[in-house]
Structure formats: structure tokens, C-alpha cells
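Okay, so here's the structure we're looking at.
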Amino acid sequence: MSVTRHDWTKQEILDIYNKPLMDLLYEAASIHREHHNPNTVQVSTLLSIKTGGCPEDCGYCPQAARYHTDIEGNDLMSVQQVKAQALRARASGSSRVCMGAAWRNVKDGPEFENVLEMVRTINKLDMEVCCTLGMITENQAQRLAEAGLYAYNHNLDTSEEYYKEVISTRGYEDRLQTIDNVRKTNVTVCSGGIIGMGEKVEDRAGMLVALSKLNPQPESVPINALVAVEGTPMEEEKPVAIWDMIRMVATTRIIMPRTQVRLSAGRTDMSREGQAMCFFAGANSIFAGDKLLTTPNPDVNEDMEMFSLLGLEPQKPFVKKAQPETVEAEDSKFEALGEKPKWSRPEHSIERNEAAKHKSKKVIADK
Ligand code: SF4
């Protein structure tokens, strides 16, 4: 039985990533079978509950207010809207709803109270509930846990070194602090990253070093391929080669044997054969639905056809961990503290982020 290690070096990970492909696939698939049923895949539906207008400058993201993209923003959805979407997701085979809000960090107040109510509502539908809301304090994590949250997503995105080339409005340490805050509760951690942002293979390995050091390692690791959206600083990046995706998935599987490795953004550009190789290499989770927050994704019917072709089954909810109980708002042990944590703002200058910001101004001026 392969053991879970927290002391991987970057060089060891690079040696795995660069193995002859057949050896890499064989090793990853063998480890995958030791810890997981190779014929089940967990299916999540990602729901953008608050879109656009984000104050951050993530170079890959069309929701950053400072870039000129075609994203239509919307205010926080209502609990009823979210419930209707969750019921639709459950009917189409999803076991988890992941709610994303384009916020830098959670602020105590009516919007967060609404999100807590959304968590309670979906947990009562017997679906796993995940949130990705930006940075959170320990108290906010406790309140989400009490509402019945199953997972919190907070991606490291890339290596600590390359992070400085992607985002200037917050630091890597804050990502780790939020993950640590979540870990103080019984909520599981979902954290991964994006490839194809112009990083080196060493940065991909560096991100895996950082994720594998977490103890326990994240229960879910999404591997995204950049979707280069016009108007963002990364609009010119070339699509990720399928071989890079397969190598990244296989390496993640070997380094983190027990985690669910999630095929995330970028699946529309992958053939069924490519996705099948990713499943063989250890991916055992996908996002379903025709949109991933704001970028395109294969529709549910296409995915179910692919599952049928490959003999894959959607994983039932709460297979890996028992369903959390929901505590009603009036019985809560925790109250809003109204904390104002000092999340960092490095504000260094990233050339392509600056260029995209100014380009957007020019485009608007030219119209
Ligand atoms: S990735 Fe999240 S935090 Fe960054 S700009 Fe987009 S919505 Fe904001």
C-alpha cells in the first residue's frame, strides 16, 4: 500500500512528472486502484452565486473588475434560486454543489447570513455542499461548518514563486492561512491550481510540494487548464497540451494518493480519449454543467454519454465522509464577530496585469 508523504522535494516530483509516459501512467493507475474505485467519478455542479466585480487582480480571471471582459455581473443569488439549481443538479447526477462568489474575502453581514442559509438548504437536500468565497477567518469557517458545509475550496493556483507573477492583491501566506482556518473545523479542504498560465514545469512541481506538505493533504485537488479569456492578462496564453494535463493528473495522484483529483476548467478543449487517459491516470472527479463560473464546460448529457461509454458511475454523496449535521441559525453556538483581519496586499507591479488594465481603458475609450 502506498504511503502518504508530506516531505516530497521539487526534484522528486519533477522526476515523476518527466517519466516515460507509459511508466508514469502505470504507476499512477496502480496507486489509484489501491485507494479508490477506478470506475466511479465524483460529479460536482459549480454555481456562480455572485458573479463579476471582484476587486482582486488574478491574471487568469474574467471576473476581476479591472479587466475588460464580456462577463455579465450579478448580485448574490437568492436562497430559492440556489435551491432550484441544486435540485436540477441532483436530478442530473451531481452529488455536490459548489457555490462560488467573486469576493476577496468574506465579510460578516446579511450576504454571508444568506450564504449560510444556502448551505443549510443544500445540505438538507442530502447533497455535499462546497463554497469558494475567498479568504475566511476561523470564526467564519466554524459558522459554515455548523451550517452543514462539506468542503471549502481555496486554490493555491501555482507555486509560491510564480504566484507573484499572477496576483498582486494578496499573498500566498493568506491562502495557506485560510486553508488552516478551514482545517480547524470538520469541513474538508479542496485546493489545487491552474496550469497553462506561462509557468514552468518547476512551478507545477512547486505547487504540488506545497499541497503535499499540508497535513492532512486536501481531500480534493482540482487541476485546471487555463481558459484564456479575452481581456484578461492571460488572453494570449496557448492552450494546455493534453499531455501536460495527463502528466499533471498522474503526478498529483502519485504525490497525494488519497485525494480526489478533480478535472476542472479546460475540459471543453479535451477529447473524450484525453479525458479517459486522465481518468486512467487518477482523476476521479469532474465539474458538470455547461458553465464553470463564467467559462464554458461540456454539458451534462455529453458527460453522461462519456460515462456510459467508459463504464464510469457517478459517486454517491458522502461516500468519503459522513454528512455533516445542519444547525439552524437560531441554535448556533457561533455569532458574527465582525472581525476585520489584515489580509495582505503586496501590490507589486505585474506587467501583463497592468497592461490588461490599461488596455481595457483604451478599448472603452475607443468605443
Ligand atoms: S479568481 Fe476569485 S478572487 Fe481572483 S479575481 Fe476572480 S473572482 Fe476575484
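FYI, it's all coordinate maths here, none of it is from the lab. This structure is a prediction, so every number in the text was calculated from the model and none was measured. Every residue, glycine as well, gets a Cβ built from its backbone with ideal geometry; the counts of neighbours run over all protein chains shown.
What the table shows:
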{"item": "For Gln260, net neighbour charge (Lys/Arg +1, Asp/Glu -1) across residues whose Cβ lies under 13 Å away", "result": "+4"}
{"item": "Cα gyration tensor category, rounded, prolate or oblate, for region 1-116 with a/c compared to 1.5", "result": "prolate"}
{"item": "Relative contact order (percent, whole number), the chain, Cα cutoff 8 Å, 6+ residue spacing", "result": "26 percent"}
{"item": "Free-standing Cys residues across the chain, given no other cysteine C-beta under 4.7 angstrom", "result": "Cys54, Cys131, Cys190, Cys278"}
{"item": "Amide H contacts of Leu47 (H built 1.01 Å from N, under 5 Å, at least 5 apart or other chain)", "result": "Cys98, Met99, Gly100"}
{"item": "In Hz, Karplus ³J(HN,Hα) per residue of region 23-29 (6.51, -1.76, 1.60; θ = phi - 60°; x = Gly, Pro)", "result": "5, 4, 5, 4, 5, 5, 5"}
{"item": "Note, ³J(HN,Hα) from phi for region 182-192, Karplus 6.51, -1.76, 1.60, rounded to Hz, x at Gly and Pro", "result": "5, 5, 7, 10, 9, 7, 7, 9, 10, 8, x"}
{"item": "Cα centroid separation, region 55-94 to region 167-245 (Å)", "result": "19 Å"}
{"item": "Too-long pairs where the Cα-Cα distance tops 32 Å, listed order kept, from Lys316/Lys342; Lys124/Lys184; Lys19/Lys238; Lys83/Lys107; Lys10/Lys316", "result": "Lys316/Lys342; Lys10/Lys316"}
{"item": "Prolate/oblate/rounded call for the chain, Cα gyration tensor, a/c under 1.5 rounded", "result": "rounded"}
{"item": "Computed lengthening from Lys124 to Glu72, 0.36 nm per intervening residue step minus Cα-Cα distance", "result": "15.7 nm"}
{"item": "Nonlocal amide H pairs with Thr188, under 5 Å, H built at 1.01 Å", "result": "Ala151, Tyr152"}
{"item": "Theoretical ellipticity at 222 nm over the chain - DSSP helices of four or more residues, -39500 (n - 2.57) apiece, nearest 500", "result": "-11500 deg cm²/dmol"}
{"item": "Separation in nanometres of the label points that stand 7 Å from Cα toward Cβ, at Glu325 and Glu230", "result": "5.4 nm"}
